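Student: Here it is: the structure, laid out below.
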Amino acid sequence: MVKACVVFVVGHRRWGKSTTLSTLAEGMRRYISLDSVEFFIQRMSNDDEPPKFYKKMREAKPADVPHLIVAFCPTLRDDSQARQCLIGLRRRGYALFFWVMRQQQKPGTTGTITPEEIKSLKKYGSVKVSKGLAEKSRRAKALRHFIRKVVK
């Protein structure tokens, strides 16, 4: 089993990250247990309230909170703070995993995560790209499957 990890739910603003996490947690719970591993859920992403987000990520320590699921916007090219956040988490002993919603989860929208953004994420950890539109329960089920697969 991975001793300490952060599973990032990746998408841009208003793409369904928080909805996916709320569905995964069956509400607004802050902790969930998957296969007897307890995860802290951080719904606020780096594109919501950056100062609060980065403060929480700087304070995260594997000894206190070994497993996190975190909403994340892949602004690495334009945001050195996001890169430093990922580097800091790895230095403190976290393994990083990225579950990427390839496109915005609203019918009729055309936003996508770019190949460059995916390539940037791969520098920091394992990446799984979820393609296509999916209803929130299907996204949560796919995320749950991904987490169970990577946290062994």
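Student: What distance in nm lies between label points placed 7 Å from Cα along the C-beta direction at MET28 and ARG138?
Tutor: 2.9 nm
Student: Please get the size of the charge dipole for the range 5-150, origin at its Cα centre, with Cβ charges of +1 on Lys and Arg and -1 on Asp and Glu, quoted in debye to the nearest 20.
Tutor: That gives a dipole near 240 debye.
Student: List every residue whose amide H lies under 5 Å from the amide H of HIS67, counting only residues 5 or more places away in sequence or on a different chain, with H placed 1.01 Å from N in the peptide plane.
Tutor: Long-range HN contacts for HIS67: CYS5, PHE40.
Student: Which one, ASN46, VAL2, PRO62, is farthest towards the positive end of the dipole of the chain when Lys and Arg carry +1 and Asp and Glu -1 on their Cβ?
Tutor: VAL2
Student: Right, here's the next one. How do HIS145, HIS12 line up, fewest other C-beta atoms within 10 Å first?
Tutor: HIS145, HIS12
Student: Quick one: SER130, SER22, SER137, fewest Cβ neighbours within 10 Å first, how do they rank?
Tutor: Starting with the residue having the fewest Cβ neighbours, the order is SER137, SER22, SER130.
Only the coordinates and a few stated rules stand behind these numbers; no lab work does. These numbers were taken from a predicted model, which means no experiment stands behind them. Quick reminder, even Gly has a Cβ in these numbers, built from the backbone with ideal geometry, and neighbours come from all protein chains shown.
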